[in-house]
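Enquirer: This is the structure I want to talk about, given as structure tokens.
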Amino acid sequence: QVQLIESGGGLVQAGGSLRLTCAASGRSTWLYYMGWFRQAPGKEREFVAAISEGGDSTYEADSVKGRFIISRDNAKGTVYLHMNSLKSEDTAVYYCAADRGLSPVLDGSANYWGKGTLVTVSS
């Protein structure tokens, strides 16, 4: 079992930056692929970024490539989403996800999910 808790959301102006944190607890969290998803009002949940167990491989959606960076600190059991040059269309609830496989973290079928943190970007 893995428990995920997101934090760091809030209100930010367009062009600004924000860092989200996902705190993972449970058994052997360093063995899990981790990812971020988001769901905007009235829209389906979408993939944002993912990172391999050791942090040596990252994957980003085209919509955030060059603006968002995913990283992890396995010693602390945390995964970060560094969000820069934020746009109004980035407004959403952001969710952290974890799975032992890469595909579930990419396609949204991951076994473990946090409850989300709200990011609001004002234009």
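The values are calculated or read from the model by the stated rules, or taken from the named source; none is laboratory data. The shown structure was predicted, so the numbers you read here are calculated from the model rather than taken from an experiment. Counting neighbours? That spans all protein chains shown, and the Cβs are built from the backbone with ideal geometry, glycine included. We work out accessible area using only protein heavy atoms, side chains counted, and drop any ligands, DNA or RNA first. Shrake-Rupley method; radii C 1.70, N 1.55, O 1.52, S 1.80 Å.
Enquirer: Given the condition among the aliphatic types (A, V, I, L, M), buried (at least 19 other Cβ atoms within 10 Å of the Cβ), outside any strand (DSSP E or B) and touching a residue at least 40 places away in the same chain (Cβ under 8 Å), answer yes or no: does some residue in region 107-123 qualify? Can you show your working first?
Expert: Quick first cut of region 107-123, residues among the aliphatic types (A, V, I, L, M) only: 110, 118-119, 121.
Imposing the further condition that a residue be buried (at least 19 other Cβ atoms within 10 Å of the Cβ) reduces the set to 110, 119, 121.
Narrowing further to those that are outside any strand (DSSP E or B): 110.
The next check asks that each one be touching a residue at least 40 places away in the same chain (Cβ under 8 Å); those that pass are 110.
Checking region 107-123: at least one residue is among the aliphatic types (A, V, I, L, M), buried (at least 19 other Cβ atoms within 10 Å of the Cβ), outside any strand (DSSP E or B) and touching a residue at least 40 places away in the same chain (Cβ under 8 Å).
Enquirer: Follow-up. Among the residues of region 64-82, which ones are charged (D, E, K, R), assigned to a strand (DSSP E or B) and surrounded by 14 or more Cβ atoms within 10 Å (Cβ to Cβ)? Before the answer, list the steps.
Expert: The first filter runs over region 64-82 and keeps only residues charged (D, E, K, R), leaving 65, 67, 72-73, 76.
From what is left, the residues that are assigned to a strand (DSSP E or B) are 72-73.
Scanning region 64-82 gives a single hit, ARG72.
Enquirer: Mind checking which pairs have a first residue in region 1-19 that is more than 29 Å from TYR32 (Cβ to Cβ) and a second that is in a strand (DSSP E or B) and of a type in the set (Val, Ile, Thr), Cβ under 6 Å, 6 or more apart or different chains?
Expert: LEU11/THR120; ALA14/VAL121
Enquirer: Take the residues in region 22-40 that are touching a strand residue (DSSP E or B) at 6+ places or on another chain (Cβ under 6 Å) and in a loop (DSSP other than H, G, I, E, B); name whichever of them is surrounded by the fewest Cβ atoms within 10 Å (Cβ to Cβ).
Expert: Here the answer is ALA40.
Enquirer: Residue by residue through region 41-63, note down the ones that are closer than 17 Å to LEU118 by Cα, buried (at least 16 other Cβ atoms within 10 Å of the Cβ) and out of contact with any Gly (no Cβ under 7 Å at 6 or more places or on another chain).
Expert: The answer is VAL48, and nothing else.
Enquirer: Turning to a different aspect of this structure: In this structure, is SER71 polar (S, T, N, Q), in contact (Cβ under 8 Å) with a residue 60 or more places away in the chain and within 20 Å of LEU18 (Cβ to Cβ)?
Expert: no
Enquirer: While we're here: List pairs: first residue in region 45-58 and over 20 Å from TYR95 (Cβ atoms), second residue part of a strand (DSSP E or B) and open to solvent by less than 60 Å² (accessible area, probe 1.4 Å) anywhere in the structure, Cβ distance under 9 angstrom, at least six positions apart or on different chains.
Expert: Close Cβ pairs (under 9 Å, with a partner that is part of a strand (DSSP E or B) and open to solvent by less than 60 Å² (accessible area, probe 1.4 Å)) amount to GLY54/ARG72; SER57/ALA50; SER57/ILE51.
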